[in-house]
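What follows is a short report on a single structure.
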There are 2 protein chains.
Amino acid sequence: MNYGAIEAGGTKMVCAVGDENGKFLDRAIFPTTTPSETIKLIIDYFKNKDISAVGIACFGPVDLDKSSKTYGYITSTPKRGWENFDIVGTVKRELGVPVGFDTDVNGSLLGEATYGCAKGVSDAIYITVGTGIGGGVMVNGKLLHGMLHPELGHMRIGKRDSDQGKSVCPFHDDCFEGLASGPSIESRWGKKADLLADDESVWKLEAEYIGTALVNYCMCLSPKKIILGGGVMHQKQLFPLIRKVFKEKNNGYISTELTRNLDEYIVPASLNDDQGILGALKLAMDAD
Amino acid sequence: MNYGAIEAGGTKMVCAVGDENGKFLDRAIFPTTTPSETIKLIIDYFKNKDISAVGIACFGPVDLDKSSKTYGYITSTPKRGWENFDIVGTVKRELGVPVGFDTDVNGSLLGEATYGCAKGVSDAIYITVGTGIGGGVMVNGKLLHGMLHPELGHMRIGKRDSDQGKSVCPFHDDCFEGLASGPSIESRWGKKADLLADDESVWKLEAEYIGTALVNYCMCLSPKKIILGGGVMHQKQLFPLIRKVFKEKNNGYISTELTRNLDEYIVPASLNDDQGILGALKLAMDAD
């Protein structure tokens, strides 16, 4: 059986056809312009590919509540043209197959939990630090939705006194995304993150924010594994710095076998940036 | 069928016998001194009361992992004599009945979810603000444990510049408990919270911390209801102030039917401080 997978982002749509073992047979990328243009390309791509279901891991906010009238909609996104767009309904109608649906970050977490470093882990979180900051959460083996879905990037973490920058979040003056996303680094230091790789002070401050956020997730969600992905996390020098801040900020309070071995507890994404599309593939397999 | 319920706190142990409808037939309170003294009083109380199971909602940290060798233990508590005490094993052995077990705050949440304001709500949180700050979390109708259990009071929220006080938490210089628990209020203002009821600045700052924490829980856990209990929350004037701070700090980012009606979303505990013992009773009913 083959399945369709869509990793729906604000810039591009990654589409792929894969089998039940997570092997991809084909893949294509389309730019995210307007829904009518972009969705037409996606539908044309999947038509005649004999897929039995589609999974969509989607930028948001999205409505994940199956009992809601707007289930499967992208809701209040700032991405022009896409707000209140019924992405699940449109794909289901055009392709005539079941559609699985979740947030992009829950998708990445599902990818890691199915094929990557969180395989067999019942409670895990996945944080992406890139253009934005977001996170997926798994509790008791199921992706957390609750009222809406987690918005981990918008937790208030407090700006450091030494930080000369300014939050880039239009909503919050000291949220994690506002202080530590790629655009925040660029705005504070005047260059893109990957041009600052050798500047220690950049990564020390970045690790301070990321490590603080991770301690807070640990206090709230008690995950058994914390996975970090996204463009900024390609700066591998961040990992030891983040673990150091985590240790300092936790200060021995949470003391388990897992937190005593932070090299295994706080880890990079393990699927070469395929965690999102692999999660979308799993959403297709689980669709009903 | 009758059940035994124990709300195990660091100061006192509330014990009760109740039926399957949540009606209590008897109740007793014992001081928490040493395990040998206190547990003897508890066992003697329940002996010959013909109970078919016991539920314990317990101060912590506790080990909730059924596959662990120390399941049912109170672990690294600062309460002298109680660390690494096998409370579940001892009660089970002495009374010869199944024992249900969870944290005190998960117990209170379970009480509210079974008999109180969170009845029928699949995803909710309960925060107690008193001698300490802690919280219980329900996701998809089940109490969250994860690696350990949530430690909501130890989330870092950042000390306000205007705050002349100092964190009272021995582990963290700006965690929620350190900045906003009863002892923190007393240390900052020089009087116990209930003697400060008329001082507006006390409750403005307190609401600032509580409201900030609640926004963060909303971003992390996406609950459908937030319940506030504990001694400090008896100051009813806090509720409108907290909702105001929540609204400001969220700043329209999370916008759902629930968050648009904060009077129903952020609510006081509804069971007259019986939420904990009622939760313990439910833990007994669910014990196996």
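The values are calculated or read from the model by the stated rules, or taken from the named source; none is laboratory data. Here the structure is a predicted model, which is why all the values come from computation and not from measurement. Counting neighbours? That spans all protein chains shown, and the Cβs are built from the backbone with ideal geometry, glycine included. Ligands, DNA and RNA are excluded from the accessible area calculation, which covers all protein heavy atoms including side chains. Shrake-Rupley method; radii C 1.70, N 1.55, O 1.52, S 1.80 Å.
Some points to look at:
- Nearest-ten-degree value, helix A:200-221 long axis tilted from longest Cα axis of chain A: 70
- Note on the stretch B:181-230: percent of Cα-Cα distances in each 10 Å bin, starting at 0 and stopping at the bin with the largest distance, equals 22, 46, 25, 7.
- By the Cβ-Cβ criterion of under 4.7 Å, the unpaired cysteines of chain A are A:15, A:58, A:117, A:169, A:175, A:218.
- With its label point defined 7 Å out from Cα along the Cα-to-Cβ axis, residue B:170 lies at 4.8 nm from the matching points of the other copies, in increasing order.
- Charged-residue dipole, Cβ positions (Lys, Arg, Asp, Glu), the stretch B:160-288 about Cα centre, Debye nearest 20: 280
- Lys/Arg +1, Asp/Glu -1 at C-beta; the stretch A:242-285 dipole; positive extreme among A:246, A:285, A:265: A:246
- Debye log10 I(q)/I(0) for the stretch A:58-167, one point scatterer per Cα, at q = 0.13 Å⁻¹: -0.58
- Exposure of residue A:149 as accessible area (Å², to 10), given a probe of 1.4 Å and all protein chains: 10
- R0 of 60 Å, Cβ-Cβ distance residue B:251-residue B:94: FRET efficiency to nearest 0.05: 0.65
- Projecting the Cα positions of B:221, B:189, B:237 onto the charge dipole of the stretch B:163-265 (unit charges on Cβ atoms of Lys, Arg, Asp and Glu, taken about the Cα centre) puts B:221 furthest along the positive direction.
- Taking all protein chains into account, the per residue accessible area for the protein assembly as shown stands at 41 Å² (1.4 Å probe).
- Sorted peptide list for B:64-70, A:94-100, A:2-8, criterion being average Cβ within 10 angstrom, highest first: A:2-8, A:94-100, B:64-70
- For the peptide B:133-144, the mean number of other protein chain Cβ atoms found within 10 angstrom of a residue's Cβ is 3.
- Chain A, closest residue to the rotation axis toward B, by beta-carbon, whole angstrom: A:158, 1
- Evaluated with a Cβ-only charge set (Lys, Arg +1; Asp, Glu -1), the stretch A:132-176 carries a dipole of roughly 120 debye about its Cα centre, given to the nearest 20.
- Label distances, nm, residue B:131 versus same residue in remaining copies, Cβ-directed 7 Å point: 5.2
- Rounded to the nearest 20 debye, dipole of the protein assembly as shown from Cβ charges on Lys, Arg, Asp, Glu: 120
- Residue A:13 long-range amide H proximity, modeled H, under 5 Å: A:30, A:32
- In terms of its C-alpha gyration tensor, the stretch B:142-283 comes out rounded, because the ratio a/c of the largest to the smallest axis stays below 1.5.
- C-alpha center-to-center spacing [the stretch A:83-148, the stretch B:51-93] in angstrom: 36
- q = 0.26 Å⁻¹: log10 I(q)/I(0) that the Debye formula gives for the stretch A:1-93, counting C-alpha atoms only: -1.41
- The accessible-area ordering, largest first, of the residues A:19, B:161 stands as B:161, A:19, per a 1.4 angstrom probe.
- All distinct Cα pairs of chain A go into the 1/r average, and the inverse of that average, the Kirkwood radius, is 19.4 Å.
- Flagged links, alpha-carbon separation over 30 Å, of B:23/B:192; A:23/A:204; A:249/B:204; A:12/A:49; B:192/B:224: B:23/B:192; A:23/A:204; B:192/B:224
- For the set B:236, B:119, the ranking by accessible area, highest first and with no ligand, DNA or RNA atoms included, is B:119, B:236 under a 1.4 Å probe.
- Sorted shortest first, the distances from the residue B:52 label point to those of the same residue in the other copies are 4.5 nm; each point sits 7 Å from Cα along Cα-to-Cβ.
- Dipole-positive endmost among B:56, A:71, A:134 within the protein assembly as shown (Cβ charges, Cα centre): A:134
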